[in-house]
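Data block below; observations after.
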Amino acid sequence: MIRQATTETLRGIARLVVCVAMLTLCLDVIPALGEDKPADAIGSIEGEAISVEGPMTVEVVHGLVRTVLRSGSDVRVKSGQARIDLVEGGYIGICGPAHFSVLKAGGAITLALDSGTIRVQIGSDVSLNIYTAQIQAHPISIGNGVEDVLVGIEPSGTMCVRAAKGAVRVEQQLTGQSVIVPQSGDITLANGQIESLQNGAGHCICEVQMAAKPASSEAEVSQLATKEDLKKKADAKPVPTKPATQAADPPEEPVYQIFMPPLRYDAKNNVRSEFDPNLVILVRRVRLRPTLIYQGRVEGGAVVAQAGNPPAAAKPQAPAPKPQEESTWSRVRTYLRKLWSPTT
């Protein structure tokens, strides 16, 4: 009995130790989960040419690096477009150049717009306020439907507001005057004054073409070629290729490629990791124009005939008659004539 009681005691102690270890592991995991998804997270941003300052989180999901904006982030869209996929659902599209800041408190999102045009498409459960220097714009849902609102500030200072879906409540912060822009309404305000409200059809334009990249969950696994594949490849007859009659034109501009060591980022370490710039390699790829070889005969220009009558062709001269051979009697007569001549 004593031995049985000792065994049961040891088993109880072992179970207690295992429970304590599991509880400790759970307590360590819960803060980590809270850090991955902070309460002040606003959403992930992507764009062509953007810069983010202030609180943010960089995470890797399915091999893709994403930048998550947090409360207090300052964003600049230098050119092109950008998109923020909100944590609560919906998105905010930005047409650059634009500059704004985002805050989040109690689940409500505040966007302070300094320049540029934004397009907000959210659900009725998302609370969003858009502030400018003098105007506050708050989207209003109609029948718990989707809210689609455009707010922009032109370089001249004119503000445009368009309510594609839902309505927008526009309020002047200094005077407290407010007006509601109905659905499908489009207005402009000059110098942030409600009195200068006018119909502004065509001012607010921001068609965001960027779409959220779907995360690919399928992984492609390579396989070695079987004996049958190798045999088919060996038996296959090569397709004769026709010789190129003319060389391809070289690219208009050279292609540059940069090879550099991977960059590291540690959120817990305030010191930025440096790398040796001597390890950066710049490769310039160009295509030389082939040497041209001419074959054939080069002929001169055509002779232009002169105007007028052509010269008469020279008549061929008759060949001179051959001298006749002298006979023997002629030779004797010539000799005698010379012999009896007075000079001799």
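Structural remarks
- Summing charges over neighbours of Phe259, with a neighbour being any other residue whose Cβ is under 15 Å away from its Cβ, gives +1 when K and R count +1 and D and E count -1.
- Ligands, DNA and RNA excluded, the heavy atoms of Tyr256 present near 130 Å² of accessible surface to a 1.4 Å solvent probe.
- When all protein chains stay in place and ligands, DNA and RNA are ignored, the 1.4 Å accessible-area order of Trp329, Trp340, largest first, is Trp340, Trp329.
- Amide H to amide H distances under 5 Å link Cys204 with no residue, where only residues 5 or more positions off or on other chains count and H is placed in the peptide plane.
- Computed with every protein chain present, the accessible area of Glu88 is close to 70 Å² [probe 1.4 Å].
The values are calculated or read from the model by the stated rules, or taken from the named source; none is laboratory data. Quantities reported herein were computed from a predicted structural model and do not represent experimental measurements. Every residue, glycine among them, receives a Cβ derived from its backbone with ideal geometry; neighbour counts consider all protein chains shown. We work out accessible area using only protein heavy atoms, side chains counted, and drop any ligands, DNA or RNA first. Shrake-Rupley method; radii C 1.70, N 1.55, O 1.52, S 1.80 Å.
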